[in-house]
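K.L.:
Can you read through this structure? Questions will come right after.
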Amino acid sequence: MKWAIYKKNTGSFVIAVAIMTGIGVVSYLSLLQYKENAQWVTHTREVLEKTKEIMSQIKDAETGQRGYLLTGKKRYLEPYRIATGEIVQQLKALRQLTADNPNQQRRLDRLEPLITKKLVLIEQAINARSKDLESALQIVQTDRGQQIMEDIRMLTTAMENEENELLKQRSMEANASAHQTTVLTIFGSIIASVIVGLAATITNQELVKRKRMENSLQKARAELEIEVNKRTAELRNTNEELQTEINERKKAESEILRLNVQLEQRVAERTAQLEATNKEMEAFSYSVSHDLRAPLRSIDGFSQALLEDYADKLDTLGQNYLQRVRAATQRMAQLIDDLLNLSRLTRSEMRCEKVDLSALVEAIATELHKTQPERQVEFAIAPGLVTKGDAHLLRIVLENLLGNAWKFTGKHQKARIEFGLLQQDDTYVYFVRDDGTGFDMAYVEKLFGAFQRLHAMTEFEGTGIGLATVQRIVHRHGGRVWAESAVEQGATFYFTL
């Protein structure tokens, strides 16, 4: 009997081992397939996440740009700097993740240049805002940035659509593998339970083992529940912190909107004040041109009449006095004209266009040579210096600077006047240099003041308005002007635009 039971149990065990071995092999293969499908699902989700991160970083860069353009404060550029640093790494990671997908690789080949163009356009607006708001707004108001962003969205959407299709397909395959593995496991467990039921001793041993495993599983489950509760609490705290951050951002956005409204009100007020000031300046200019110059013309005319009609009745001293009166009235009239011209420079409308500064300097040099052809003056003009600005105003700048250089080298038998370009950091600096009389740098603060002169009228003629005119025009172009000199060692005037 025992032998029969032994044989039966042995046969049962052999059958059980054979069946379980077969089921184990099939289950193992199904498990490998499931793991592979699960890895592909994870891979697809990583691609989708990287794509969304890239779009989020581009939006962060735009947000930093908008904050800086509105306020001019560099702390708003922090999201832009962080985003530009991470986008390159994210694109590189995305390319590695999609190395097995030629379609996505081709889309990346089109996406990377578009992102580069978008970042360059954002950087141009930021650089322009560091100079003046109007230039930055001109860049932002073009449709180029919006079109590039639409192209980027179109490509990322296409990538996400393809990855979503892959995710759907791979999830179905993973679920099918999991279902197959589950069915095989359940089927094997049923057969194992039936076989175990045929052998009491083996069943009892398996029950003991299973009891031990259940105890271990319950212990592991309790530990897992504790860990889940801990992670849940951490997640809840993180969500609260995130909600706080969202509220702070909403407050910041409200503050920005409020500041924008205040800024618009201030601009409107300043515009009204400027219009009133311009009207007052126009009235003043009219008064100067009509009320002041009429008496001067009368004084000059009557003095000339005395010289012409009563020359025989006036001695040399009297004629000299009248000539000095005429010279003074003519100088006063010239000062009034220069003052009016200086006033018009700040009120005239600027027309920004491409200006060839080298060609302007050559034309002015030719005109100066014609006024005094006997002088030996060498002009050294750097070729091809082109900028953007108001051609008429920039010609006035060069005429004043070159005219001064011509005038203050007049006492030298030979002279040299140079026009060129320097680069200081990222700024282009134009200069006019001469080897003439020069001036004492102790008086450089008076140099650009209206009607300020560093030389006597008997030494060099002029009204003292030329450099003030130069300074105002340069300031209207968003630049600055300064000078360096030494007595009898020439002078160099620098200006930026």
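The values are calculated or read from the model by the stated rules, or taken from the named source; none is laboratory data. Just so it is clear, the structure is predicted and the values come from calculations on it, not from any experiment. Neighbour counts are summed over all protein chains in view; Cβ atoms, including those assigned to glycine, are modelled from backbone coordinates with ideal geometry.
K.L.:
In this structure, does E134 turn out to be charged (D, E, K, R), under 30 Å from D109 (Cβ atoms), assigned by TED's automatic domain parsing to the domain that holds A99 and part of a helix (DSSP H, G or I)? Full working, then the answer.
P.N.:
Values: charged (D, E, K, R): yes; under 30 Å from D109 (Cβ atoms): no; assigned by TED's automatic domain parsing to the domain that holds A99: yes; part of a helix (DSSP H, G or I): yes.
Judged against the criteria, E134 is not a match.
K.L.:
Suppose the filter is out of contact with any strand residue (DSSP E or B) (no Cβ under 7 Å at 6 or more places or on another chain) and either among the aliphatic types (A, V, I, L, M) or over 30 Å from R75 (Cβ atoms) (or both); does K230 pass it? Break it down into steps so the answer makes sense when it comes.
P.N.:
Details: out of contact with any strand residue (DSSP E or B) (no Cβ under 7 Å at 6 or more places or on another chain): yes; either among the aliphatic types (A, V, I, L, M) or over 30 Å from R75 (Cβ atoms) (or both): yes.
Criteria met by K230.
K.L.:
Among the residues of segment 56-83, what is the count of those that are of a type in the set (S, T, Y), farther than 12 Å from A252 by Cβ and within 12 Å of the chain's Cα centre (by Cα)?
P.N.:
So the answer is 2.
K.L.:
Something else about it: Taking into account only those residues within segment 19-78 that are in contact (Cβ under 8 Å) with a residue 60 or more places away in the chain, under 25 Å from M149 (Cα atoms) and of a type in the set (S, T, N, Q), which is surrounded by the most Cβ atoms within 10 Å (Cβ to Cβ)?
P.N.:
It comes out as Q65.
K.L.:
So which of I115, I122 is under 12 Å from the mean Cα position of the chain (by Cα), touching a residue at least 24 places away in the same chain (Cβ under 8 Å) and either closer than 25 Å to D426 by Cα or not in a helix (DSSP H, G or I) (or both)?
P.N.:
Working: I115 fails: under 12 Å from the mean Cα position of the chain (by Cα).
Result of the check over I115, I122: I122.
K.L.:
Restricting to segment 416-437, count the residues that are surrounded by fewer than 15 Cβ atoms within 10 Å (Cβ to Cβ) and over 22 Å from the mean Cα position of the chain (by Cα).
P.N.:
The number of residues fulfilling the criteria is 2.
K.L.:
Residues in segment 202-224 that are modelled with pLDDT of 80 or more and among the polar types (S, T, N, Q): how many?
P.N.:
Qualifying residue count, segment 202-224: 4.
K.L.:
Right, another one. The conditions are (1) surrounded by 15 or more Cβ atoms within 10 Å (Cβ to Cβ); (2) at pLDDT below 85, and G449 fails exactly one of them. Which is it?
P.N.:
(1)
Residue-by-condition table, conditions (1) at pLDDT 85 or above; (2) in contact with a strand residue (DSSP E or B) (Cβ under 8 Å, 6 or more places away or on another chain); (3) more than 26 Å from Q330 (Cβ to Cβ):
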residue	(1), (2), (3)
L394	yes, yes, yes
E399	yes, no, no
F408	yes, yes, no
H412	yes, no, yes
R416	yes, yes, yes
Q423	yes, yes, yes
R433	yes, yes, yes
Y443	no, no, yes
T463	no, no, no
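K.L.:
In segment 78-102, what count of residues is obtained for those that are of a type outside the set (A, V, I, L, M) and not in a helix (DSSP H, G or I)?
P.N.:
3
K.L.:
Of the residues A283, A276, A252, A272, only one is part of a helix (DSSP H, G or I), within 51 Å of the chain's Cα centre (by Cα) and modelled with pLDDT of 85 or more; which?
P.N.:
A252
K.L.:
How many residues are assigned to a loop (DSSP other than H, G, I, E, B) and β-branched (V, I, T) if we restrict to segment 416-426?
P.N.:
So the answer is 0.
K.L.:
Output the residues belonging to segment 95-137 that are within 15 Å of T51 (Cα to Cα) and of a type in the set (K, R).
P.N.:
Within segment 95-137, R95, R106, R107, R110 qualify.
K.L.:
Anything in segment 298-320 that is surrounded by 12 or more Cβ atoms within 10 Å (Cβ to Cβ) and among the hydroxyl-bearing types (S, T, Y)? List them, or say none.
P.N.:
S303, Y310
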